[in-house]
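Peer 1: Submitted below is the structure of interest, expressed as structure tokens.
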Amino acid sequence: MFRLPPLNFLRAFEAAARHLSFTKAAEELNCTQASVSQQIRALEQFIGRPLFQRLPRGLSLTEAGYAYLPAVQASIQHLFAATNGLMGPPRTQNLVISVPMAFAAYWLAPRIKQFCALHSHINVTVHCTIWNLPDLETADLFVRLGNGDWREMQAKQLTREQAVVACSPDLLRGPNALRKPADIRGYPLIHVLGRHDNWSRWAAAQNVADLGSGHAIWADNSVTALQIAGSGYGLALTLRTFVNFFAESKTVVCPFKEALDLEQGYFILRPTNRHSSSAAKAFMDWIPELE
């Protein structure tokens, strides 16, 4: 007769292997870190081989763990699909996410199709904002830039931000090509409202004493600032997360390696002082957390 480990052992192993963290697995499974650790040790004893290497600063899978993980994940997914099939199609749900416009365009838009494919019963509305203000009345979840200090919110960090100079690749060619930070003098500078001091902070960090007298343009969002920079007119100082969106097409490039650390990042927030729908919880579980 075939012997199989308990399903709880397998769920603990799959979650810990996906996160490479007992703590994050415990948060996902709504149990304690000690419980996850005990279940995995019991699974390793059942199998007779270690599945993880316990490192000073994290976990890594052993060869046995790597070999075992795909089969465990496939089995759990098959059980999930079969159970849902017996219970009938899930009820359609609505989810509203309030997201800054640039983050929605350059970070969320390329990824959200993965969530929609997994949760076809959830109708997602992406409500774009320009200013970094929460709209607690209209949205279930909020993406905001900050340092993670939000009251009555479950916060999950998605990015760690730096301000970088961005321009058209045309400005890297010719006799007046940009080669060093001091070369920005004379070029139009594109400012993003709300982050207008970033240019002076970046210049001070690079020992550029004078930003020059070039014409300045002001945009109220990073999407417009990057589009102006991509057209070949001027230099934008914006977040690396947004510039990375253009890495493959190279319609916008970073002329310098120097960056300004902002000690901020984008976080997704879920209010803890009110009931959250299962759709909101599903999105929080799905969205990739900053490693």
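Peer 1: In the set ALA34, ALA16, which member is part of a helix (DSSP H, G or I), within 22 Å of the chain's Cα centre (by Cα) and hydrophobic (A, V, I, L, M, F, W, C)?
Peer 2: Details: ALA34 fails: within 22 Å of the chain's Cα centre (by Cα).
From the options ALA34, ALA16, the qualifying one is ALA16.
Quick grid of which residues meet (1) more than 30 Å from PRO6 (Cβ to Cβ); (2) surrounded by fewer than 19 Cβ atoms within 10 Å (Cβ to Cβ); (3) within 21 Å of the chain's Cα centre (by Cα); (4) not assigned by TED's automatic domain parsing to the domain that holds ASN244:
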site	(1), (2), (3), (4)
MET101	yes, yes, yes, yes
TYR106	yes, no, yes, yes
PRO110	yes, yes, yes, yes
LYS113	yes, yes, yes, yes
ILE122	yes, no, yes, yes
ALA177	yes, yes, no, no
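Peer 1: Then there is this: Which ones in segment 278-291 are touching a residue at least 60 places away in the same chain (Cβ under 8 Å) and part of a helix (DSSP H, G or I)? Full working, then the answer.
Peer 2: From segment 278-291, those touching a residue at least 60 places away in the same chain (Cβ under 8 Å) are 278-280, 282-290; that's our starting set.
The answer is SER278, ALA279, ALA280, ALA282, PHE283, MET284, ASP285, TRP286.
Peer 1: Cβ-Cβ under 7 Å, sequence separation 6+ or interchain: first residue in segment 61-86 and farther than 14 Å from PRO50 by Cβ, partner modelled with pLDDT of 85 or more. Which pairs?
Peer 2: Pairs found: VAL72/LEU10; VAL72/PHE13; VAL72/GLU14; GLN73/GLU14; ILE76/LEU10; ILE76/ARG11; ILE76/GLU14.
Conditions tested, residue by residue: (1) in contact with a Pro (Cβ under 9 Å, 6 or more places away or on another chain); (2) hydroxyl-bearing (Ser, Thr, Tyr).
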{"position": "MET153", "(1), (2)": "yes, no"}
{"position": "THR159", "(1), (2)": "no, yes"}
{"position": "GLN162", "(1), (2)": "no, no"}
{"position": "CYS167", "(1), (2)": "yes, no"}
{"position": "LEU172", "(1), (2)": "yes, no"}
{"position": "LEU178", "(1), (2)": "yes, no"}
{"position": "ARG185", "(1), (2)": "no, no"}
{"position": "LEU189", "(1), (2)": "no, no"}
{"position": "LEU193", "(1), (2)": "no, no"}
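Peer 1: Quickly run through segment 29-63 and pick out the residues that are crowded, with 18+ Cβ neighbours inside 10 Å and either at pLDDT below 90 or of a type in the set (Lys, Arg) (or both).
Peer 2: LEU59
Peer 1: Turning to a different aspect of this structure: Can you list the strands (runs of 3 or more DSSP E) found entirely within segment 216-277 that contain at least 2 residues being closer than 27 Å to GLN157 by Cα? It would help to see each step written out before you state the result.
Peer 2: Numbers: elements: 216-219, 235-239, 265-271.
In segment 216-277, 235-239, 265-271 are the strands (runs of 3 or more DSSP E) which contain 2 or more residues that are closer than 27 Å to GLN157 by Cα.
Peer 1: Considering only strands (runs of 3 or more DSSP E) fully contained in segment 90-185, which possess at least 1 residues that are within 24 Å of HIS275 (Cβ to Cβ)?
Peer 2: Those strands (runs of 3 or more DSSP E) span 93-100, 122-129, 141-146, 153-157.
Peer 1: Take THR83 and decide whether it is assigned to a loop (DSSP other than H, G, I, E, B), surrounded by fewer than 16 Cβ atoms within 10 Å (Cβ to Cβ) and hydroxyl-bearing (Ser, Thr, Tyr).
Peer 2: Numbers: assigned to a loop (DSSP other than H, G, I, E, B): no; surrounded by fewer than 16 Cβ atoms within 10 Å (Cβ to Cβ): yes; hydroxyl-bearing (Ser, Thr, Tyr): yes.
When the stated conditions are applied, THR83 does not pass them.
Peer 1: Now a separate question. Can you tell me which residue in segment 179-205 is modelled with the lowest pLDDT, limited to those that are more than 28 Å from the chain's Cα centre (by Cα) and not aliphatic (A, V, I, L, M)?
Peer 2: GLY186
Peer 1: Sticking with this structure for a sec: So VAL126 passes all but one of these: (1) touching a strand residue (DSSP E or B) at 6+ places or on another chain (Cβ under 9 Å); (2) more than 17 Å from MET284 (Cα to Cα). Which condition number does it fail?
Peer 2: Condition (2) is where VAL126 drops out.
Peer 1: Taking segment 148-165 only, how many residues are closer than 20 Å to GLU28 by Cα and among the aliphatic types (A, V, I, L, M)?
Peer 2: Total meeting the criteria: 3.
Peer 1: Is it fair to say ASP140 is more than 19 Å from LEU260 (Cα to Cα) and touching a Leu at 6+ places or on another chain (Cβ under 6 Å)? Give the steps one after another, and end with the answer.
Peer 2: Values: more than 19 Å from LEU260 (Cα to Cα): yes; touching a Leu at 6+ places or on another chain (Cβ under 6 Å): yes.
In short, yes.
The values are calculated or read from the model by the stated rules, or taken from the named source; none is laboratory data. Please read all numbers here as calculations on a predicted model, not as lab measurements. Positions of Cβ are generated from backbone atoms using ideal geometry, with glycine treated the same way; all protein chains shown enter the neighbour counts.
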